[in-house]
Amino acid sequence: MKIEVTTDRLVLKVLNYDSAQKVLDFYLRNGSVFEKYEPVMGEDFYTLSHQRKLLDFEYKNIIKGIMVRYWIFEKDNPNRIIGTVSYRNIVRPIYESCTIGYKMDQEFLNRGYCSEAIRATIPVIARDYGVHRFEALILPDNKPSIHMVEKIGFKYEGLLKDKININGKRLDHCMYAYLANN
């Protein structure tokens, strides 16, 4: 497993519980934006202890090979998280698939950082985990996210009815997929 990936502008790192304060700061800056697109995280989500537990849980799942989360940093500011890209539900050998998720700090939108991070990490996940199919679930009205995944090469496959509960409502999600050439 590759725990750090670099691009021209970014450093993408797997973090452990020692980085919980940086992660918490990222969520505190952006929580009101993220909550529009994600399931309810629980009352204690915005606490340092919860972020430590979550990072520890994720790290254990990374070791098991069922997920990977990279936190995104600008090369010239390695102490401030500006986004994240995660690959969850890694299933092999038959399906060779996973679900991709991503978030960017609202101050760093529209700079191409998220697509740069995804382009840099998909080959790593394909090679190291044997993943061929990458799936992204996107709310139909999230036009910026749809535009970004289409720009990378994801293809629309259909609408999944009542897929995810967000803010107490089961919402439809568009299914996009990217097929890697391992």
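The values are calculated or read from the model by the stated rules, or taken from the named source; none is laboratory data. Computed from a predicted model, the values in this text were never measured in an experiment. We place every Cβ from the backbone using ideal geometry, glycine too, and count neighbours over all the protein chains shown. Accessible surface areas use protein heavy atoms only, side chains included; no ligands, DNA or RNA. Shrake-Rupley method; radii C 1.70, N 1.55, O 1.52, S 1.80 Å.
See the values below:
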{"item": "Extended-chain gain in nm, criterion 0.36 nm per residue less alpha-carbon gap, Arg80 and Arg170", "result": "29.1 nm"}
{"item": "Computed helical MRE - 222 nm, the chain, DSSP H runs ≥ 4 contributing -39500 (n - 2.57), nearest 500", "result": "-10500 deg cm²/dmol"}
{"item": "Probe 1.4 Å, protein heavy atoms only - accessible area per residue of segment 23-182 in square angstrom", "result": "53"}
{"item": "Share of carbon and sulfur in the accessible heavy-atom surface of the chain [1.4 Å probe, %]", "result": "51"}
{"item": "Packing-based ranking, highest mean first, of 12-19, 111-118 given that Cβ atoms within 10 Å are counted", "result": "111-118, 12-19"}
{"item": "Chain lengthening between Asn61 and Lys143 when straightened (0.36 nm per residue, less Cα-Cα)", "result": "26.4 nm"}
{"item": "Extension gain, Asn181 back to Leu160 (0.36 nm per residue minus Cα-Cα distance, nm)", "result": "5.0 nm"}
{"item": "Segment 1-58, relative contact order [Cα under 8 Å, separation at least 6], %", "result": "41"}
{"item": "Average Cα contact separation per residue, the chain, under 8 Å, 6 or more apart, as relative contact order %", "result": "20"}
